[in-house]
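What follows is a short report on a single structure.
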């Protein structure tokens, strides 16, 4: 019963009109009411009976319902009923009804008039709603088409609000949050709409304000708010606003995706250029370094050098050898970065690998206390020894840069399950949790590294690529008391039954 009453109240609800529309409705109602006495007078002058006059009055009420609406038709039906009672129901010229059957006739007329009026009004409303839906669908279609044609020239968000105002004929449009600016268009932009939209965007509260002609929607993509839309106007309803918000959300997310793709393409081309430059420089360095190495080696072989000359020549020879090694390393790094490296896997004892790396780095480890925790279970790894050595060298180099020379550096080798883990621990700079996931990204340097020795932020990203190439993984842990540990885990070599 309550649901039926609610439905009737919704069906009979009168929408707010502009004052000019109210005047027109009043004029049409007065003119329509004049039809009832006119029909009554014609029927009375033509000496029609009650049945014929009732049918004529019913047609008049139906015409009023079609032309004006249900409520004017309901009032007209009561007025027509009174006219029938007064002029055609005995005793005439009196509102008293003597015959009970006439009571039934009058009641049936009134009920019939109300039902017919209601049905005609519903049909009229359905036709109006269908026209409205068709208009809204057409507006959404036109908006979507023009949205696809908008130029990507930095005015995209501004063009969206202009497009919404023009196509949907609203009084004000505001778009906030996509690029931390508020874009607006319309003749009735007010601070209250802007503040409510901002509050909705920050609080993710998108309650529509239909009673005041305000519509606020938070635009979300992948569960995250990306913008907020505010509208003011009575020419749009909740369903259209929701559809419009969805279309704008898709358009904004598409624009953002295109920007990311453009940026990614630019970064890819930059990386290609950088890799090519590094590769070219490394090749160019190889020739003079080879000549220098040959010259110093020749001087040592010839002999006849004083003690000081021999010491200086040996120093030059060792440093040239180191530069040659660094250049070779740079070449492999550039090729690995360009995904153009071919692994040369070989069976390696991780203890021997660590010792080899430390031997190659003895010139930079001088004066530092380096501790090694060897692996004793005989596990082997099948890796490109040079590349894994580069990754481990990067960890050790990092430990040297960000720790005091008086504190120890610990290189440990451990095995667990199907992995062998190479770890480098130092008691240097603490790395916050929020930076640990980004520290292996290219060119990223932590906040604490600002006042530390310079670096490019490339080495750790190369270490991650080396790990990925071997189906391994890298990570970092850091505690204020126990220091920072960089770890490289590689698959343990499992001997087959035929070996």
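Computed from label points 7 Å out along Cα-Cβ, the spacing between residue 430 and residue 319 is 3.9 nm.
Per the Debye calculation on segment 346-491 with a single equal scatterer at every Cα and no solvent contribution, log₁₀ I(q)/I(0) for q = 0.17 Å⁻¹ amounts to -0.95.
Full extension of the chain between residue 366 and residue 122 gives 78.4 nm of extra length, using 0.36 nm per residue less the Cα-Cα distance. Protection proxy ranking, highest mean first, for peptides 129-137, 298-306: 129-137, 298-306, where packing is the per-residue count of other beta-carbon atoms within 10 Å, averaged.
Mind ranking 67-73, 365-371, 117-123 by how tightly packed they are, going by the mean number of other C-beta atoms within 10 angstrom, highest first? Working shown, then result.
Working: 67-73: 20.7, 365-371: 12.3, 117-123: 17.3.
Listed from highest to lowest mean packing, they are 67-73, 117-123, 365-371.
For the pair residue 158 and residue 63, what calculated FRET efficiency results from E = 1/(1 + (r/R0)^6), where r is the Cβ-Cβ distance and R0 = 41 Å, to the nearest 0.05? Spell out each step's value before the answer.
Values: r = 51 Å, r/R0 = 1.25.
Working from the Cβ atoms, E equals 0.20.
Using 0.36 nm per residue, how much length does the chain from residue 78 to residue 138 gain when fully extended, once their Cα-Cα distance is taken away? Write out the running numbers ahead of the final one.
Details: separation 60, 0.36 × 60 = 21.60 nm, distance 4.19 nm.
Going from the current span to full extension adds 17.4 nm.
Per-residue Cβ neighbour counts within 10 Å put 176, 468 in the sequence 468, 176, beginning with the fewest. When each of the peptides 245-252, 357-364 is scored by the mean number of other C-beta atoms lying within 10 Å of its residues, the order from highest to lowest reads 245-252, 357-364. Pairs of alpha carbons in segment 362-440 separated by more than 17 Å make up 55% of all such pairs.
Quick note: the coordinates plus some simple rules give every number you see, no bench work behind them. Quick caveat, the model's predicted, so the values are computed rather than measured. Using ideal geometry, Cβ is built from the backbone for each residue, glycine included, and neighbour counts are taken over all protein chains shown.
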